[in-house]
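Report on one structure; see the data block that follows.
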Amino acid sequence: MACKFSAPLTLIFLVFTATISLSNAGTIVIYWGQNGNEGSLAETCATGNYGIVVIAFLATFGNGQTPLINLAGHCDPTNNGCAFLTSDIKACHSRGIKVLLSIGGGAGSYYLSSADDARGVAKYLWNNFLGGQSNSRPLGDAVLDGIDFDIEGGTPLHWDVLAKALKGYSQSIILSAAPQCPYPDAWMGTAINTGVFNYVWVQFYNNPPCQYSGNAANLLRYWNTYWTSVPAGKIFLGLPAAPAAAGSGYIPPDKLISEVLPNIKRSPKYGGVMLWSKFYDKGYSSAIKPHVLALDQA
């Protein structure tokens, strides 16, 4: 006897197979805060190009140091001069954009001397930038969405403790990491393996063994072999937004669109593209945005 449901079931199967053959849609992440000529935070969010904006950096903390944010020419944190950014953060939130604070950076003074030190830094971050309470919040009363770990110095110790302590305050805190593309990352490898990070945007630049060098072979090998296997929610491709933004690893937009994105978007962990930084983004994000966000045929 013929099954009267055969046609609908066939249709459902076709829809299902079409769905799983699609590669994933993503978002663009931008770092802001390291050049006073890059425009305001509110203007950055108003471009409509970014889904996540990372304020960089809390560059001094840990080992008994007084924490200090460094936002280049944007404001002077020593006299509470960065608190006006609370209105910009709220403007970004009103557009549905997540705003994170990046700790560390390439030229900071940071060091976790012990597990207790890490928990103390977590308490400071919670009270001064996240959902806690403090009379000296450097960015005003706006509550940031999370913390980004751009750890490029100090030691590899206790970052896992810091990450887990932050999640202990609230599971809704977004945690991201910005490791270098050689695997495992020298500073953050242990912390990333805790599985508590929502996002990992890997710096595929200034690292010749795993960056784009006229072709995407090395980049794709590291992406597929190592990074999409880490226990994190989504993995992002970190790139310089212009040749001058990094020493090496720049990918022209047309090459990114044709050679790289169609391949990395096949991973279910694909989250999008991270760009360094807003100052250098003179049209790169606009050129790649339709392709980063699009749900393409794989």
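So the values come out like this:
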quantity: Checking E259 against (1) open to solvent by 50 Å² or more (accessible area, probe 1.4 Å); (2) over 19 Å from C181 (Cα atoms), the condition it does not meet; calculated: (2)
quantity: Given (1) touching a Cys at 6+ places or on another chain (Cβ under 9 Å); (2) open to solvent by less than 30 Å² (accessible area, probe 1.4 Å), index of the condition I147 fails; calculated: (1)
quantity: Residue that is of a type in the set (A, V, I, L, M), part of a strand (DSSP E or B), in contact (Cβ under 8 Å) with a residue 40 or more places away in the chain and buried (at least 19 other Cβ atoms within 10 Å of the Cβ), where the choices are V99, V121; calculated: V99
quantity: Test: residue in region 224-236 that is more than 21 Å from A191 (Cβ to Cβ), crowded, with 16+ Cβ neighbours inside 10 Å and within 15 Å of the chain's Cα centre (by Cα); calculated: no
quantity: Lone qualifier among G272, G233, G249 - being touching a residue at least 24 places away in the same chain (Cβ under 8 Å), under 26 Å from V121 (Cβ atoms) and small (G, A, S); calculated: G233
quantity: Residue that is within 16 Å of the chain's Cα centre (by Cα) and not aromatic (F, W, Y), where the choices are Q211, Q180; calculated: Q180
quantity: Region 242-285, residues that are part of a helix (DSSP H, G or I) and under 18 Å from the mean Cα position of the chain (by Cα); calculated: A245, L261, I264, K278, F279, Y280, Y284, S285
quantity: Count of residues meeting criterion [assigned to a loop (DSSP other than H, G, I, E, B) and modelled with pLDDT of 95 or more] in region 136-152; calculated: 10
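The values are calculated or read from the model by the stated rules, or taken from the named source; none is laboratory data. Computed from a predicted structure; not experimentally measured. Using ideal geometry, Cβ is built from the backbone for each residue, glycine included, and neighbour counts are taken over all protein chains shown. Each accessible area value is taken on the protein alone, full model and side chains, heavy atoms only, with ligands, DNA and RNA left out. Shrake-Rupley method; radii C 1.70, N 1.55, O 1.52, S 1.80 Å.
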